[in-house]
Amino acid sequence: MYLADYPDRGPCCSLQDPLGRLGRLKFPWPLFAFPFYLWARSPGKTGSHYDPNCDLFQPSERRMVLTSDAFMLGMVGILAACTAKLGVLAMFNLYFMPYCINVIWLDVVTYLHHHGSDNPAEKLPWYR
């Protein structure tokens with residue numbers, strides 16, 4: 001069981017370090033956890049989703065990861081230009097709020113994929 005799968009006040013949660021307990025599902029930290037997860041992966045794992053040499057990827061996928069990285073940097077540039085042109089408040093409403101809704105949706109879907117019925121006879125996860 002992975003510690004970040006669901007809110008838990010039991011022994012699994014007490015095993016985490018204080019920083020892990022502080023940031024674990026405390027609003028608004030989960031909204032920002034996804035980019036950090038992509039950057040540094042889960043605790044105890046090395047590499048990054050942005051590193052084409054990471055063990056997540058096959059050597060044949062190197063060009064695809066580099067292409068993805070280039071487009072991500074391009075998007076950061078576009079967001080910076082839009083913020084300079086439209087202002088911080090407009091970008092908050094046009095980009096940050098939809099981003100928050102998207103991350104909340106991803107959290108809900110991930111939660112549903114990792115949790116099922118309390119009935120042990122049923123398969124886990126519920127969608128299989």
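The table that follows gives values for the structure above.
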| item | result |
| --- | --- |
| Region 16-51 - residue that is more than 12 Å from the chain's Cα centre (by Cα) and modelled with pLDDT of 70 or more and, of those, surrounded by the fewest Cβ atoms within 10 Å (Cβ to Cβ) | Gly44 |
| Cβ-Cβ under 9 Å pairs, at least 6 apart or on other chains, region 62-86 side aliphatic (A, V, I, L, M), far side open to solvent by 80 Å² or more (accessible area, probe 1.4 Å) | Val65/Asn53; Leu79/Tyr95; Leu86/Leu94 |
| Qualifying residue in region 57-79 (condition: surrounded by 12 or more Cβ atoms within 10 Å (Cβ to Cβ), at pLDDT 95 or above, in contact with a helix residue (DSSP H, G or I) (Cβ under 6 Å, 6 or more places away or on another chain) and of a type outside the set (Phe, Trp, Tyr)) | no |
| One residue from Trp105, Trp126 being under 21 Å from the mean Cα position of the chain (by Cα), open to solvent by 100 Å² or more (accessible area, probe 1.4 Å) and at pLDDT below 90 | Trp105 |
| Selection from region 80-90 of residues that are surrounded by 12 or more Cβ atoms within 10 Å (Cβ to Cβ) and either farther than 30 Å from Pro52 by Cβ or at pLDDT below 95 (or both) | Leu86, Ala90 |
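The values are calculated or read from the model by the stated rules, or taken from the named source; none is laboratory data. Only a predicted model underlies this, so the values are computations on that prediction, with no experimental measurement involved. Virtual Cβ from ideal backbone geometry, glycine too; neighbours counted across all protein chains shown. All accessible areas refer to the heavy atoms of the entire protein, side chains included, with ligands and DNA or RNA removed. Shrake-Rupley method; radii C 1.70, N 1.55, O 1.52, S 1.80 Å.
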